[in-house]
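Student: Next up is a structure, given as structure tokens.
The values are calculated or read from the model by the stated rules, or taken from the named source; none is laboratory data. Nothing here was measured: the structure is a model prediction, and the numbers come from that model. Heads up, the Cβs are rebuilt from the backbone with ideal geometry, glycines too, and the neighbour counts pull from every protein chain shown.
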Amino acid sequence: MDDLSLLDNLFIKPEHTNSKCCFCDVPKPISFRESNVNVIGLPIDITTTFGKTASFGPESIRITSANQIETLVFEKNLEVYDNSLIYDMGDLLLAATKKNVDINNKNEIKSFWNEFDSQVSKVIPLLLELDKKPVFLGGEHTITYSLFKEFSKKNPLLLHFDAHRDLKPIYNGMEICHTTPFYHLVNEGYIKGHDLVQIGIRQADKGENQFAADNGITTFDAWHCHNSFASIIDWIKSKSRNRNIYISFDIDVYDISYVPCTGTPEPFGLNPFQICEIIDNIDESSSLAGMDFVETGLKNGDYREGALATNTLLRILTHNFIKNS
């Protein structure tokens with residue numbers, strides 16, 4: 001049995017998802033064997049406590065990338081497939097089918113995340129063994145807790161783009177939820193604070209700020225991004241040199257004016273040109289181990305976030321760190 005057959009029973013193929021299409025429909029179909037990038041949808045929205053739109057992320061991104069957005073990154077004059085040979089594996093079956101978990105039932109929530117851990121622990125090691133770069137389309141930000149535990153073995157620098165720290169130990173009685181993933185990753189030793197950088201932060205509580213300071217987490221908050229942007233670029237270029245990189249990108253890092261559908265939009269955020277410059281200045285010697293892109297929403301046929309998410313992903317997937325292993 002080949003590697004793809006071992007994985008097939010864990011996924012709903014992209015053409016059978018709500019999108020009915022693959023991510024970034026390119027002129028020449030890429031086989032799993034040929035691919036160096038594997039897209040995986042995780043349409044999970046269980047623990048979010050404000051707007052409930054995150055489960056539509058994979059659908060919004062796939063539809064927009066396949067039907068509206070051209071695959072040429074204009075300012076680079078690069079097609080996405082010049083660097084990234086993409087195979088869309090579809091949606092993880094568990095993530096796509098278990099959408100009615102009772103948020104008030106702690107045991108039910110814990111059981112779901114344990115099962116999710118079990119499934120991703122089968123998928124990610126196999127893909128990494130085959131030198132694939134997994135790209136996960138969320139879904140709520142809780143997924144990063146389960147995903148990064150597998151990538152932590154590659155000792156990466158974790159670039160966390162977000163309006164929120166997500167460093168709470170517990171929220172609304174839930175230890176594992178959309179506001180807690182980075183607290184537990186640091187507290188359980190999956191990443192050292194000095195290997196976590198949080199970019200675009202503009203909402204937190206005092207406890208999260210203290211935890212970040214106590215653990216040496218680097219923070220480039222939104223005011224730093226607007227007032228001292230050059231220092232961020234210098235830091236990113238220096239610290240990413242010869243490193244494995246993991247990117248956790250929450251679309252609400254963008255200012256509220258750019259994200260009409262996400263569940264927790266915040267003012268004072270970053271703009272697309274700033275994000276592109278940060279991505280472009282990740283050092284050429286680095287290697288992308290994997291990434292998740294979360295909290296993209298969809299409401300009333302509004303695909304603006306799908307377009308923004310797709311264009312952000314295209315700029316990541318044409319970076320030379322895709323070619324490095």
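Student: Being of a type in the set (Lys, Arg) and under 14 Å from the mean Cα position of the chain (by Cα) is true for just one of LYS133, LYS122, LYS153. Which residue is that? Give the steps one after another, and end with the answer.
Tutor: Values: LYS122 fails: under 14 Å from the mean Cα position of the chain (by Cα); LYS153 fails: under 14 Å from the mean Cα position of the chain (by Cα).
Only one candidate qualifies: LYS133.
Student: Is there any pair linking a residue in segment 11-38 that is among the aromatic types (Phe, Trp, Tyr) to one that is surrounded by 12 or more Cβ atoms within 10 Å (Cβ to Cβ) and not in a helix (DSSP H, G or I), with Cβ under 7 Å and at least six apart or on different chains, and which?
Tutor: Matching pairs, first to second residue: PHE11/MET89; PHE11/GLY90; PHE11/ASP91; PHE11/LEU92; PHE23/VAL39; PHE23/ILE86; PHE23/ASP88; PHE32/TYR87.
Student: Can you spot a residue in segment 83-98 that is touching a Cys at 6+ places or on another chain (Cβ under 9 Å), surrounded by 14 or more Cβ atoms within 10 Å (Cβ to Cβ) and either among the polar types (S, T, N, Q) or not in a strand (DSSP E or B) (or both)? Even if it seems obvious, please write down each step before you answer.
Tutor: Keep residues of segment 83-98 that are touching a Cys at 6+ places or on another chain (Cβ under 9 Å), which gives 84, 86-88, 90.
Right, trim to surrounded by 14 or more Cβ atoms within 10 Å (Cβ to Cβ) and you get 84, 86-88, 90.
In the following step, the residues that additionally are either among the polar types (S, T, N, Q) or not in a strand (DSSP E or B) (or both) were identified as 84.
There is at least one residue in segment 83-98 that is touching a Cys at 6+ places or on another chain (Cβ under 9 Å), surrounded by 14 or more Cβ atoms within 10 Å (Cβ to Cβ) and either among the polar types (S, T, N, Q) or not in a strand (DSSP E or B) (or both).
Student: Of the residues that sit in segment 175-201 and are more than 26 Å from ILE103 (Cβ to Cβ) and charged (D, E, K, R), which one is farthest from the chain's Cα centre (by Cα)?
Tutor: LYS192
Student: Just checking, how many residues over segment 203-239 are part of a loop (DSSP other than H, G, I, E, B) and among the β-branched types (Val, Ile, Thr)? Break it down into steps so the answer makes sense when it comes.
Tutor: To start, the set of residues in segment 203-239 that are part of a loop (DSSP other than H, G, I, E, B) comprises 204-205, 215-217, 221, 228.
Still in the list and also among the β-branched types (Val, Ile, Thr): 217.
Total meeting the criteria: 1.
Student: What number of residues within segment 19-57 are closer than 10 Å to TYR87 by Cα, buried (at least 24 other Cβ atoms within 10 Å of the Cβ) and aliphatic (A, V, I, L, M)?
Tutor: 3
Student: When you go through SER248, SER257 one by one, which is the residue that is within 25 Å of ILE124 (Cβ to Cβ) and either of a type in the set (Gly, Ala, Ser) or at pLDDT 95 or above (or both)? Don't jump to the end; show me each part of the working.
Tutor: Numbers: SER257 fails: within 25 Å of ILE124 (Cβ to Cβ).
Result of the check over SER248, SER257: SER248.
Student: Could you identify the single residue in LYS52, LYS20 that is within 18 Å of the chain's Cα centre (by Cα) and either assigned to a loop (DSSP other than H, G, I, E, B) or of a type outside the set (Asp, Glu) (or both)?
Tutor: Details: LYS20 fails: within 18 Å of the chain's Cα centre (by Cα).
Selected residue: LYS52, the only one of LYS52, LYS20 that is within 18 Å of the chain's Cα centre (by Cα) and either assigned to a loop (DSSP other than H, G, I, E, B) or of a type outside the set (Asp, Glu) (or both).
Student: Report yes if some residue within segment 144-158 is touching a residue at least 24 places away in the same chain (Cβ under 8 Å) and of a type in the set (Val, Ile, Thr); otherwise report no.
Tutor: Residues of segment 144-158 touching a residue at least 24 places away in the same chain (Cβ under 8 Å): 144-152, 154-158.
Imposing the further condition that a residue be of a type in the set (Val, Ile, Thr) reduces the set to 144.
Looking through segment 144-158, at least one residue is touching a residue at least 24 places away in the same chain (Cβ under 8 Å) and of a type in the set (Val, Ile, Thr).
Student: Which one of the conditions (1) free of Cβ contacts under 8 Å to residues at least 12 places away in the same chain; (2) basic (Lys, Arg); (3) more than 25 Å from ARG243 (Cβ to Cβ) does LYS168 fail to meet, given that it meets all the rest?
Tutor: If we test LYS168 against (1) free of Cβ contacts under 8 Å to residues at least 12 places away in the same chain; (2) basic (Lys, Arg); (3) more than 25 Å from ARG243 (Cβ to Cβ), just (1) comes out false.
Student: Is it true that ASN242 is modelled with pLDDT under 95, in contact with an Asp or Glu (Cβ under 9 Å, 6 or more places away or on another chain) and either of a type outside the set (Gly, Ala, Ser) or in a helix (DSSP H, G or I) (or both)? So that I can check it myself, show each step before the final result.
Tutor: On the way: modelled with pLDDT under 95: no; in contact with an Asp or Glu (Cβ under 9 Å, 6 or more places away or on another chain): yes; either of a type outside the set (Gly, Ala, Ser) or in a helix (DSSP H, G or I) (or both): yes.
No, not satisfied.
Student: Next question. Spot the failing condition for PHE23; the list is (1) touching a helix residue (DSSP H, G or I) at 6+ places or on another chain (Cβ under 8 Å); (2) farther than 27 Å from PRO272 by Cβ, and only one is missed.
Tutor: For PHE23, the failing item is (2).
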